Amino acid sequence: MDLYLTSEQALLRDSAAKFIEAAGPKAARGFRAQDPSFSAPRLRHAGELGWLGILVPGAAGGLGLGLTELALVLEQAGRGLVCEPIGLAAISAAALGQGRTPHPVLDRAMTGAALIVPAFQESAHGDDPLAPRTHVAGEDGALRLTGKKMFVCADGADGFLVNARGRDGPALCYVARNAPGCTLSRTQTVEGRKLATLTLTDAPADLIPPHSSSRNAVDALHNLVLLALSSELLGVMEKANEITLDYLRLRKQFGKPIGSFQALQHQAANIYVRIEATRSLVFQIAANNDAFCIDPATAIALKAKASEDAMIVTEACIQLHGAIGFTDEHDIGLYLKRAMLLSALFGNAAAQRRRYIAAADLTA
Amino acid sequence: MSRLPAHDMGPAANAFRQEVREWLAQHWTPEQRAEHLRKPFKERGWDVEFSRLMGSDGWIGIGWPKEFGGQGRSATEQIAFITEMANAGAPVQAHNTGESIVAQALFLHGTNEQQDEWLPAIRRGERTFALGYSEPEAGSDLASLRTRAIRDDDDWVVNGQKLWSTGGDKAEYMWLAVRTDPDAKKHAGISVLMVDLRSSGVTIRPSLALYGKTFSAQFYDNVRVPAKNMVGAVNNGWKVITDALAAERVMIGGTRMAGIERAFDHLTEYLKTAVVGGKVLKADPAIRDRIGALAADIEVARQFQMRNAQLVEQGKVPIHEAAMGKVFASELQERLGQAALDILGTGGLLSEDTESAPVAEMEQVLRHAIMGMIGGGTNEIQRNVIAQRGLDLPR
Ligand SMILES: Cc1cc2nc3c(=O)[nH]c(=O)nc-3n(C[C@H](O)[C@H](O)[C@H](O)COP(=O)(O)OP(=O)(O)OC[C@H]3O[C@@H](n4cnc5c(N)ncnc54)[C@H](O)[C@@H]3O)c2cc1C
């Protein structure tokens, strides 16, 4: 499926592809044991290229581009197993810049000098972001957050965008990492990325107002999260598939390239169909939605599909490699682990499917 | 939801199981287990001391014929035994390649001197083996292996490279498939040697596999192996390998099934108390369907195993039947891993060192499943066997 890109979009995609050449599996492997598990200078480099402000209006210092551009960059990030959390940083910047007066941390968020990430999850099962248990009290200017967020990509983060229950419904709040009452406890994942539990006890916070086009600031950012993670998952699948296709052409057994065995051709075809399905969903949603008012049901459907496909595709890619794919030294296993991480964050396929029923009101 | 019902293996095997359990209760105590679990994940499962303990109490070679010092246990009883050991998490990897593959080959193809020297040492847990079959160019197409052995006086001189030998960084001996006649047809020029890995000219390079344990590559540079360490006649190695494998195939499943059952029990344990969005997860019909389907498949996999054991007891060699059991069980393990990740949600990502016990290990089940789908002949190759040998479809 060819996408029809404008020349600007193609340029953006190509510059992202160039950026990831310097990332890739080798760098990703190196970051597994590091703290934070990404390179701060490279995050700033992404900032210089404008990606962290990709959705932020030009007037506020961003690129003022749309979801297609965001998806193109993040697809590349997924391909390159980029460890810098570009996607979460870019959509957080979008949220920080969406009000009439941008939040003061926006400039540093766009340059990559500060890393701000969403902290929404309160359980392992992809909760309803509009009904958090974390709550916010007080008046604007003196807001206080209390609650607990789990599986936060807090590695190297300077602040968080937290969804909380307020007097008038769900509210999006900014809380600084070093704010009083804000503590983190870290856990290790199979992928190497550290996640954290964020405990907030009467922590001072700022209200982030919604974009003029959105239903609600929490809803808008959550849908962006689902699109961002899915775009990255798409890139993970694509690259894993390319590595595998190369191998199917190269590896010989029984005197023939293994790619000539129909049993493997059918598996390769199945993989391709899955990737194209996620790909068309990502770019259809990107093309047909306002960045701050993505339809929640389709965003959920996308994350469900991308999470499921990425796991199946990366597992199948290992199977097609045989034992060499099962070594820690081979890159293909890193794609499986990245798929595991991104699929699980903000609710895995099963959690999304459950939420879809509620979001689309199927059982009403 | 509670645990899986016990697998009824018939009166003899059920009684034997009980005996094994009693021995384990004495010799594999919770303290020993806890100590074993303190080792890094990649070190677990291989414990020479425990192998010697098992050996001294007669638990190695229970399926061996009595004339070789075994207990002559039936295939079903052997499966019962393997399952109990695996359920208890007892470390059996140090001796089990020698006990199964190597011993089978020695029964059928070993000289009297080889049987007298090697079998008692294996049975005492004093001689550990790894399998040296695969090579960079010879995986599924094993018969194209190229590691060369050339006769020189009383020795074979070995040159070449092997890959993916499980336990090959820890074992003392390699069960090595070598090419002794490069001019013969590919299946016809192969022989098998037992190689002391401490010999000069052997270089061992361990590597980490995706499931968190190690295997090794070995490089053989003019390694001298005494001619008396060749098992079977020169150039008759393919027969030695396939005979040993046939006997082995049925047993491999035992360990796998125990892993599956344990993971399943972890999952149902988690479900006892899991609440999502204010709802009790185990009451969710979708979850119940998923758990029920997995449990049904576990029952099926048990029956595959029993059928294969019975075929062996009738003196038959299960070929496509063993392939079916392997494909079914390894893919069941994959489904179980996927279900666990789905049900555990983001918590399923956390690696072994998390505080909540049922959650730990679960994602490892999935990574481990891929091993079962590749190792011991890939599932694609197994399906070829099922189609061609089982269904007699044209090649
Ligand atoms: C965890 C683990 C432990 C192992 N332990 C050992 C060990 O102890 N000792 C040892 O010697 N080996 C060991 N192996 C190696 C194992 O035996 C080989 O991986 C296996 O035989 C496949 O060979 P390969 O990896 O070279 O894959 P390849 O043969 O290169 O296969 C690559 C892909 O092609 C497919 N394929 C190949 N031929 C066909 C065909 N004719 N039709 C359809 N599809 C085909 C395969 O199914 C696979 O998907 C281990 C492997 C693993 C993963």
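Values for this structure:
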{"quantity": "From A:Ala203, A:Ala171, residue being closer than 30 Å to A:Leu72 by Cα and surrounded by 23 or more Cβ atoms within 10 Å (Cβ to Cβ)", "calculated": "A:Ala171"}
{"quantity": "Qualifying strands (runs of 3 or more DSSP E) (wholly inside region B:96-212; at least 3 residues being within 13 Å of the ligand (Cβ to nearest atom), within 14 Å of another protein chain (Cβ to nearest Cβ) and closer than 28 Å to B:Ile374 by Cα)", "calculated": "B:155-166, B:202-208"}
{"quantity": "Any hit, region B:230-249, residues being in a helix (DSSP H, G or I), out of contact with any helix residue (DSSP H, G or I) (no Cβ under 6 Å at 6 or more places or on another chain) and at pLDDT below 85", "calculated": "yes"}
{"quantity": "Test: A:Ile243 is of a type outside the set (Ser, Thr, Tyr), part of a helix (DSSP H, G or I), within 14 Å of the ligand (Cβ to nearest atom) and crowded, with 20+ Cβ neighbours inside 10 Å", "calculated": "no"}
{"quantity": "B:Lys279 surrounded by fewer than 19 Cβ atoms within 10 Å (Cβ to Cβ), in contact (Cβ under 8 Å) with a residue 24 or more places away in the chain and over 30 Å from A:Asp331 (Cα atoms)", "calculated": "no"}
{"quantity": "Check on A:Ala350, within 12 Å of another protein chain (Cβ to nearest Cβ), at pLDDT below 95, part of a helix (DSSP H, G or I) and more than 16 Å from the ligand (Cβ to nearest atom)", "calculated": "yes"}
{"quantity": "Residue that is farthest from the other protein chains (Cβ to nearest Cβ) [pool: residues in region A:328-340 that are in contact with a Ser or Thr (Cβ under 8 Å, 6 or more places away or on another chain) and surrounded by fewer than 24 Cβ atoms within 10 Å (Cβ to Cβ)]", "calculated": "A:Ile332"}
{"quantity": "Residue ranges of helices (runs of 4 or more DSSP H) in region A:1-67 with at least 3 members modelled with pLDDT of 85 or more, within 17 Å of the chain's Cα centre (by Cα) and within 28 Å of A:Val105 (Cα to Cα)", "calculated": "A:40-48"}
{"quantity": "Selection status of A:Thr6, within 25 Å of A:Leu221 (Cα to Cα) and surrounded by fewer than 24 Cβ atoms within 10 Å (Cβ to Cβ)", "calculated": "no"}
{"quantity": "Residue in region B:92-113 that is buried (at least 18 other Cβ atoms within 10 Å of the Cβ) and touching a His at 6+ places or on another chain (Cβ under 9 Å) present", "calculated": "no"}
{"quantity": "Inter-residue pairs, beta-carbon under 8 Å, first within 11 Å of another protein chain (Cβ to nearest Cβ) and more than 15 Å from B:Asn308 (Cβ to Cβ) and in region B:369-393, second charged (D, E, K, R) and surrounded by fewer than 18 Cβ atoms within 10 Å (Cβ to Cβ), 6+ apart", "calculated": "B:Ala369/B:Glu331; B:Met373/B:Glu331; B:Asn379/B:Glu331"}
{"quantity": "Strands (runs of 3 or more DSSP E) wholly inside region A:117-192 that include at least 3 residues being within 17 Å of the chain's Cα centre (by Cα)", "calculated": "A:143-152, A:159-166"}
{"quantity": "Sole residue being within 16 Å of the ligand (Cβ to nearest atom) and closer than 17 Å to B:Gly348 by Cα, chosen from A:Leu341, A:Leu336", "calculated": "A:Leu336"}
{"quantity": "Residue check for B:Asn96: of a type outside the set (A, V, I, L, M) and under 20 Å from the mean Cα position of the chain (by Cα)", "calculated": "yes"}
{"quantity": "Residue match in region B:82-92 (condition: closer than 17 Å to B:Thr255 by Cβ, more than 16 Å from the ligand (Cβ to nearest atom) and out of contact with any helix residue (DSSP H, G or I) (no Cβ under 7 Å at 6 or more places or on another chain))", "calculated": "yes"}
{"quantity": "Residue satisfying condition, being closer than 30 Å to A:Arg29 by Cα and within 21 Å of the chain's Cα centre (by Cα), within set B:Ala258, B:Ala246, B:Ala217", "calculated": "B:Ala217"}
{"quantity": "Matching entry among A:Ala306, A:Ala310, A:Ala301 (being within 14 Å of chain B (Cβ to nearest Cβ) and either within 13 Å of the ligand (Cβ to nearest atom) or touching a residue at least 40 places away in the same chain (Cβ under 8 Å) (or both))", "calculated": "A:Ala310"}
{"quantity": "Filter result for A:His266 (without any contact (Cβ under 8 Å) to a residue 12 or more places away in the chain, more than 8 Å from chain B (Cβ to nearest Cβ) and in contact with a His (Cβ under 8 Å, 6 or more places away or on another chain))", "calculated": "no"}
{"quantity": "Unique residue being within 25 Å of B:Glu363 (Cα to Cα) and among the acidic types (Asp, Glu) when the list is B:Glu248, B:Glu261", "calculated": "B:Glu261"}
{"quantity": "Residue, nearest to the other protein chains (Cβ to nearest Cβ), within region A:114-137, restricted to residues that are among the aliphatic types (A, V, I, L, M) and touching an Asp or Glu at 6+ places or on another chain (Cβ under 8 Å)", "calculated": "A:Leu130"}
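Conditions (1) of a type outside the set (D, E, K, R); (2) under 10 Å from B:Ala90 (Cβ atoms); (3) under 23 Å from the mean Cα position of the chain (by Cα), marked per residue:
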position	(1), (2), (3)
B:Arg17	no, no, yes
B:Arg21	no, no, yes
B:Ala25	yes, no, no
B:Pro30	yes, no, no
B:Arg33	no, yes, yes
B:Lys39	no, no, yes
B:Gly45	yes, yes, yes
B:Val48	yes, no, yes
B:Gly55	yes, no, yes
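The values are calculated or read from the model by the stated rules, or taken from the named source; none is laboratory data. No experiment lies behind these values; they were computed from the predicted model shown. In this analysis, Cβ positions are derived from the backbone assuming ideal geometry, glycine residues included, and neighbour counts consider all displayed protein chains.
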